[in-house]
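Working notes for the structure below.
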Amino acid sequence: MLNRNEMLLRRMENAVIRRLRQQVRRLEAKCRELEKTQKSPHDAKTGALTSERFEELADRVIHGRHRRASEKKEPVALVMIDIDFLKPVNDTYGHAAGDEVLRVFSELTQGHLKREGDLVCRRGSGADEFLLLLCGANEMDVPEIVEKLRKKFEKTAFTFHDGTKKSARLHPSFSYGTAMCKGNKDTLSEMFARADREMYAEKKARKSSR
């Protein structure tokens, strides 16, 4: 059995261990907060916004629109874009080739959008999809803006090497879907769902027409 001094020493040791654990947890929490504040808002490979930053900014735009009077509400559109046939590029020429296509598309898109407040986002660090938020573009403007972007992208030629011979010149394209912000209760997630359905319907139609 432990004597009185040993029991007292054991309690003191346990108290010190508890305090150390509490300090470690506080330090870990501070480190997590620091990581959040220091995390880049841009995707490292394309320069587009990260999904987290895009959603934060897009939510502000949509909620701000909901708060304004009807006559002062400007149209807001979400565009979801998927680069067509990028997997064969990755499989044949390597992921560096696919990354180059994504980087060029991102730069082209950011240069194409002229309205203040327009946003460009890569939807996940390993994704072939992009999100655009178009501020002030009405339902008739949006297809025109995106079709002009698609024509610019399709005119961009890429030449990659597969280790044995150069490829033919590649001219990638993309499929897209759109969703306009509706009413005073529309949410970003609901717009995502509508744009996603429209994009995959177009992607399916484009595949079947080839």
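Read-outs: derived from the displayed coordinates by stated rules, not from any lab. The structure displayed is predicted, hence computed values, not measured ones. Methodologically, a virtual Cβ is constructed for each residue, glycine included, from the backbone with ideal geometry; neighbour enumeration extends over all protein chains shown.
Each of S51, S175 was scored by other Cβ atoms within 10 Å of its Cβ. Arranged with the fewest first, they read S51, S175. Using C-alpha pairs under 8 Å with a sequence gap of at least 6, the mean separation divided by the residue count of the chain gives a relative contact order of 24 percent. To the nearest 10 degrees, how steep is helix 188-209 against the longest Cα principal axis of the chain, on a 0 to 90 scale? Its long axis makes an angle of about 40 degrees. Size of segment 35-187 from its Cα atoms: along the principal axes, largest to smallest, the extents are 62, 41, 21 Å. Computed from Cα positions, the angle between helix 141-154 and the longest principal axis of the chain comes to roughly 90 degrees. On a 28 Å Cα-Cα criterion, which of the cross-link pairs K87/K114; K45/K114; K39/K152; K87/K152; K45/K151; K148/K204 come out too long? Beyond 28 Å between Cα atoms: K87/K114; K39/K152.
For segment 69-129, which GluC sites (Glu not before Pro) are both in a DSSP coil and crowded by at most 13 other Cβ atoms within 10 Å? Intermediate values should be presented prior to the final figure.
On the way: sites: E71, E100, E107, E116, E129; in loops: E116.
Filter output for segment 69-129: E116.
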